[in-house]
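Working notes, structure below.
The values are calculated or read from the model by the stated rules, or taken from the named source; none is laboratory data. Everything quoted here is computed from the prediction, not taken from an experiment. Positions of Cβ are backbone-derived with ideal geometry, glycine not excepted, and every protein chain shown enters the neighbour counts.
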Amino acid sequence: MLQPHHDGSSLHVSTLTPAMGQIVTVRLRVPVSHDTPLEVLVRSNPDREPFFNKAVHVGTAGAYDWWEAEIRVVNPVHRYRWLVHYASGHTDWINQEGVHPIETRDDADFALVAHPAPPAWATDAVLYQVFPDRFARSEQAAQHPTPEWAQAANWDEPVIGSGPGVSTQLYGGDLPGVEEHLDHLVELGATVLYLTPVFPGASNHRYDASTFDVVDPLLGGDEALISLVEAAHARGLKVMGDLTSNHTGDTHAWFQAAQADEEAPERAFYYFHEEGTYASWLGHGSLPKLNWNSQELRDRFIEGPDSVVGTWLRPPYSFDGWRIDVANMTGRYETDDLNAEVRQIIRRTMIDINPDTLLLGESTNDATDDFQGDAWHGAMTYANFTRPVWGWLSVPGSAAFGGLGMARSVIPSYTGVDVHAQHQRFIAGIPWRTRLHNMNALDTHDTPRFATNALPGAVPVALGMAVSMPGIPVIWSGDELGLTGVNGEDSRTPMPWDTIDEHADSIALHKELLALRSEQPALRGGGMRWLHVGEEALVWIRETADSSVLCVAARGFYDVVIEEGDVGLAGEPARLFGDGGVSVFGDSGLRLTGAGPGFAAWGMPGVALPYTDGDEEQAQREMLDENAAQDAALAHGEAAEPTLTAAWSKDTLEE
């Protein structure tokens with residue numbers, strides 16, 4: 001049904017990159033069919049104290065009245081919500097979770113973020129994840145001797161998915177092999193190559209680094225990485241590295257020095273106990289935990305251009321960003337919580353070297369607290385997207401053993417209502433700007449493959465959701481071939497390049513849906529409104545001033561009516577993907593029908609913008625003058641001149 005709506009997109013917020021002290025204009029849509037609003041307020045929370053600004057009515061467009069207010073950004077993360085009092089006595093509170101009849105918690109409020117912004121290219125990104133040992137072998141790979149810790153495997157041998165050998169089975173994929181297949185990524189529609197660790201370790205996954213100073217010779221060494229990045233950049237691809245800030249391997253030179261000499265400076269890099277034991281990741285002794293109280297560790301690892309973080313962003317290596325492994329645990333141990341300090345130092349180092357770089361952090365569960373825009377640009381997380389999608393689109397009773405952030409045994413069975421509820425719960429506390437850069441992953445190298453337990457025909461639905469909901473779609477190499485795997489280790493299957501033609505249909509599906517995202521600006525940075533939430537079908541629309549995309553994800557049969565005026569119409573909607581039925585009734589109503597599993601998308605007109613007549617303009621000027629006076633008091637004498645932002649023009653929105 002028609003509801004008041006606000007989100008962080010340019011339709012409703014004048015800038016996603018405000019500076020401290022800047023006045024930002026925000027807008028709310030209220031359905032004309034609702035009660036008559038007596039008062040519309042925006043309640044911000046400067047210094048954690050509620051502060052109200054009155055909104056003014058700036059016009060009517062379609063089925064909505066538009067209201068506008070101003071907020072002075074006085075905190076780096078400045079939260080706000082809307083409050084509407086109606087003539088009937090009813091009150092709506094509007095935050096990122098939705099519309100509520102009662103007061104809501106602050107942690108789900110909208111947020112304006114004044115921290116340095118993510119790179120512009122990230123909003124358009126499609127991430128393709130490569131596990132170097134399993135992606136491709138070049139001819140030179142045969143020249144690399146098998147290290148003592150490894151068990152050499154032929155490319156077509158089955159993966160050891162559990163028990164002894166899971167981390168020592170070595171297929172010998174290397175970086176020249178990745179470079180040979182870059183055109184596959186481009187043709188698929190990827191824009192970012194994300195490499196899991198390339199530093200030496202005593203495992204096939206290399207999350208147990210023995211040094212951060214060189215690229216593993218088994219992968220081709222430093223020159224191979226330089227060549228790969230240059231070749232990727234020549235094709236318009238960005239390249240992101242993977243770094244473990246929570247731990248090193250127990251073979252790392254730092255840890256070896258720390259164990260050998262209690263007086264060594266590296267001793268302070270780790271948490272050693274009196275009895276000689278040490279803290280490690282989840283009790284695995286091969287992964288000793290880093291102690292970020294050490295300034296020497298910070299200098300070597302994360303702070304400054306010559307640190308590990310800085311070195312690999314600079315030429316000749318020129319990574320375009322980092323994905324930080326175990327970001328949620330970094331700097332946290334017993335009474336220590338240095339996570340914010342560590343992530344902020346990492347980002348400052350990146351900005352000093354190249355501000356056009358992206359920083360993503362792994363956080364397998366609730367990512368809210370750490371992802372407020374002060375450092376991480378987005379989260380590799382599972383609670384808001386991956387797990388609810390699995391619960392809805394997997395065969396009931398399916399088992400999923402292992403995998404970080406995933407079910408430990410049986411995948412829960414969800415309805416579409418459950419999917420919506422869980423998504424809203426875990427996304428509501430994250431600022432819109434960060435939400436645009438969260439990773440929408442169906443699976444990763446740490447999880448079972450989605451296709452393993454998916455309902456027949458469900459892969460297009462899940463992939464359609466990944467490309468059309470706010471966030472960065474992620475293709476874990478092999479997903480486009482329909483590969484399966486029952487756990488995280490088993491999903492690390494070598495790419496079957498010799499039989500790739502047998503997967504033409506699956507590859508074509510991925511190309512088509514990734515192209516849909518690329519061709520539709522609304523699917524990248526547009527706002528989002530839920531139009532229908534049901535057990536078998538979910539309907540939402542992504543919107544900009546120029547164009548919109550209506551999306552339907554269905555598990556079963558559906559017959560959904562969208563009220564007249566809730567979406568803009570200019571004749572029949574233009575089918576972009578899928579087989580669902582659509583018919584127009586009345587002046588501007590829609591009826592959507594179909595059978596699932598299925599995903600469908602239609603192109604729609606952009607959002608109609610409000611107008612302002614002379615009388616409303618005068619009233620608006622008076623209201624904004626009053627708000628400016630209130631802002632002056634808030635700013636302790638540093639008042640800005642009152643600003644009038646009557647009707648937002650399309651040009652302003654595009655800027």
Inset, instruction - Looking at (1) over 22 Å from S491 (Cα atoms); (2) part of a helix (DSSP H, G or I), find the lone condition where V214 falls short. - result: (2)
Legend entry - strands (runs of 3 or more DSSP E) enclosed by the stretch 1-66 - at least 1 residues per element that are touching a Pro at 6+ places or on another chain (Cβ under 6 Å): 23-31, 37-44, 56-61
Inset, instruction - Taking L313 as the residue in question, decide whether it is assigned to a loop (DSSP other than H, G, I, E, B), of a type outside the set (D, E) and touching a residue at least 24 places away in the same chain (Cβ under 8 Å). - result: yes
Legend entry - Extreme residue, farthest from the chain's Cα centre (by Cα), among residues of the stretch 73-101 that are part of a loop (DSSP other than H, G, I, E, B) and under 24 Å from H420 (Cα atoms): P101
Inset, instruction - Evaluate the following for V539: is it assigned to a strand (DSSP E or B), among the hydrophobic types (A, V, I, L, M, F, W, C) and surrounded by 20 or more Cβ atoms within 10 Å (Cβ to Cβ)? - result: yes
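Give the number of residues within the stretch 73-122 that are among the basic types (K, R) and buried (at least 16 other Cβ atoms within 10 Å of the Cβ).
Taking the stretch 73-122 first, the residues among the basic types (K, R) are 79, 81, 105.
With buried (at least 16 other Cβ atoms within 10 Å of the Cβ) added as a condition, the list becomes 79, 81.
Residues flagged as among the basic types (K, R) and buried (at least 16 other Cβ atoms within 10 Å of the Cβ) within the stretch 73-122 amount to 2.
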Legend entry - the stretch 265-280 residues that are more than 15 Å from F301 (Cα to Cα) and not assigned by TED's automatic domain parsing to the domain that holds D337, paired with ones that are polar (S, T, N, Q) and buried (at least 17 other Cβ atoms within 10 Å of the Cβ) (beta carbon under 7 Å, 6 or more apart): Y271/N291
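For the condition under 24 Å from the mean Cα position of the chain (by Cα) and in a loop (DSSP other than H, G, I, E, B), what is the one hit in G249, G236?
It is G236.
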Legend entry - Among residues of the stretch 106-127, those that are outside any loop (DSSP other than H, G, I, E, B) and farther than 24 Å from P355 by Cβ, counted: 4
Inset, instruction - Working only within the stretch 481-504, note down all residues that are surrounded by 19 or more Cβ atoms within 10 Å (Cβ to Cβ) and closer than 19 Å to Y128 by Cβ. - result: L481, L483, G485, G488, S491, R492, T493, P494, M495
Legend entry - Failed item, numbered, when Q344 is tested on (1) without any contact (Cβ under 8 Å) to a residue 40 or more places away in the chain; (2) buried (at least 16 other Cβ atoms within 10 Å of the Cβ); (3) touching an Asp or Glu at 6+ places or on another chain (Cβ under 8 Å): (2)
Legend entry - Odd one out for E70, checked against (1) within 30 Å of P116 (Cα to Cα); (2) free of Cβ contacts under 8 Å to residues at least 12 places away in the same chain; (3) over 25 Å from the mean Cα position of the chain (by Cα): (2)
Inset, instruction - Out of the residues in the stretch 208-233 that are of a type in the set (A, V, I, L, M, F, W, C) and under 27 Å from the mean Cα position of the chain (by Cα), state the one that is surrounded by the fewest Cβ atoms within 10 Å (Cβ to Cβ). - result: A231
Inset, instruction - Consider only pairs whose beta carbons are under 7 Å apart and that are at least six residues apart or on different chains; among these, list those whose first residue lies in the stretch 180-204 and is free of Cβ contacts under 8 Å to residues at least 12 places away in the same chain and whose second residue is surrounded by fewer than 19 Cβ atoms within 10 Å (Cβ to Cβ). - result: none
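Could you please let me know if P217 is in contact with a His (Cβ under 8 Å, 6 or more places away or on another chain) and over 22 Å from D336 (Cα atoms)?
Details: in contact with a His (Cβ under 8 Å, 6 or more places away or on another chain): yes; over 22 Å from D336 (Cα atoms): yes.
For P217, the condition - in contact with a His (Cβ under 8 Å, 6 or more places away or on another chain) and over 22 Å from D336 (Cα atoms) - is met.
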Inset, instruction - Sort out which residues of the stretch 555-611 are surrounded by fewer than 17 Cβ atoms within 10 Å (Cβ to Cβ), under 28 Å from V395 (Cα atoms) and among the small types (G, A, S), and write them in order of number. - result: G556, G581, A595
Inset, instruction - Could you pull out the residue among V552, V567 that is in contact (Cβ under 8 Å) with a residue 40 or more places away in the chain and either within 28 Å of the chain's Cα centre (by Cα) or in a loop (DSSP other than H, G, I, E, B) (or both)? - result: V552
Inset, instruction - Would you mind telling me which numbered condition in (1) of a type in the set (V, I, T); (2) touching a residue at least 40 places away in the same chain (Cβ under 8 Å); (3) over 18 Å from P18 (Cβ atoms) I102 fails? - result: (2)
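Go through D35, D7, D47 for me and flag whichever is charged (D, E, K, R), under 14 Å from F110 (Cα atoms) and surrounded by fewer than 22 Cβ atoms within 10 Å (Cβ to Cβ).
Working: D35 fails: under 14 Å from F110 (Cα atoms); D47 fails: under 14 Å from F110 (Cα atoms).
Unique residue meeting the criteria: D7.
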Legend entry - Selection count where residues are modelled with pLDDT of 95 or more and either assigned to a loop (DSSP other than H, G, I, E, B) or hydroxyl-bearing (S, T, Y) (or both), scope the stretch 584-594: 1
Legend entry - W322 being in a strand (DSSP E or B) and modelled with pLDDT of 95 or more: yes
Inset, instruction - State whether one or more residues within the stretch 158-176 are in a helix (DSSP H, G or I) and modelled with pLDDT of 95 or more. - result: yes
Inset, instruction - Would you please name the residue that is modelled with the highest pLDDT, looking only at residues in the stretch 442-459 that are buried (at least 21 other Cβ atoms within 10 Å of the Cβ) and assigned to a helix (DSSP H, G or I)? - result: V459
